[in-house]
Amino acid sequence: MGFGRWFPLDQAAVHAPAGPGVYQVRLAHGLVAYPTGRSAMIRYGATDDLRAAVAELARAYAGREWLCRFADPAADGMDARTRSPDDLLAELMTAFHRRFGAPPGLPE
C-alpha cells in the first residue's frame, strides 16, 4: 500500500484527505524497541473522517514531535471503493506485528 508524504502531526489535519482512510504516525526522531526489531512507527489508524481523527490525535498529543501520513490505495492500484479503511488497517497491523513481534505502540 502506498502512502503520501509525512507532515508534522500538529499540521497533518490541514493536509489530510477528506473522508475515510488510513493514517500512520511515527516518531520524528529515534526508534522504539519492539521484540524483533526497532521502528519509528508508533500508530496506525482507520477512520471515516481523516481530518477529524488526525486533529483529535494532535490535540491529545500536543507538543510531541511526531509525523503523520495518509494511505493512498490508488498508488498501488487498489480500489479504495472496494476495500474499507478497517480492512487496510488490519493488513498493515498484521504485517507490522509479523515483522516486529508486537503491534505499534507509544514510546515509554
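We did not get these values from a lab; they are worked out from the coordinates using the rules stated. None of these values were measured; they are calculated from a predicted model. Cβ atoms come from the backbone with ideal geometry, glycine included; neighbour counts cover every protein chain shown.
Computed quantities for the displayed model
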read-out: Phi-based couplings in Hz for segment 59-70 (Karplus 6.51, -1.76, 1.60; Gly and Pro marked x); value: 5, 5, 10, 4, x, 7, 8, 10, 10, 9, 9, 10
read-out: Of (i) 1.03; (ii) 1.35; (iii) 1.07, the label for Cα Rg over 2.2 N^0.38 Å derived from the coordinates; value: (i)
read-out: Assigned charges on the beta-carbon of Lys, Arg, Asp, Glu; segment 2-100 dipole about Cα centre (debye); value: 380 debye
read-out: Cα→Cβ-extended label distance, 7 Å offset, between Ala102 and His29, nm; value: 2.3 nm
read-out: Under 12 Å, Cβ to Cβ, from Gly45 - net charge with Lys/Arg +1 and Asp/Glu -1; value: -2
read-out: Positive-end residue of Thr47, Gly30, Tyr61, charge dipole of segment 15-76 with Cβ unit charges; value: Gly30
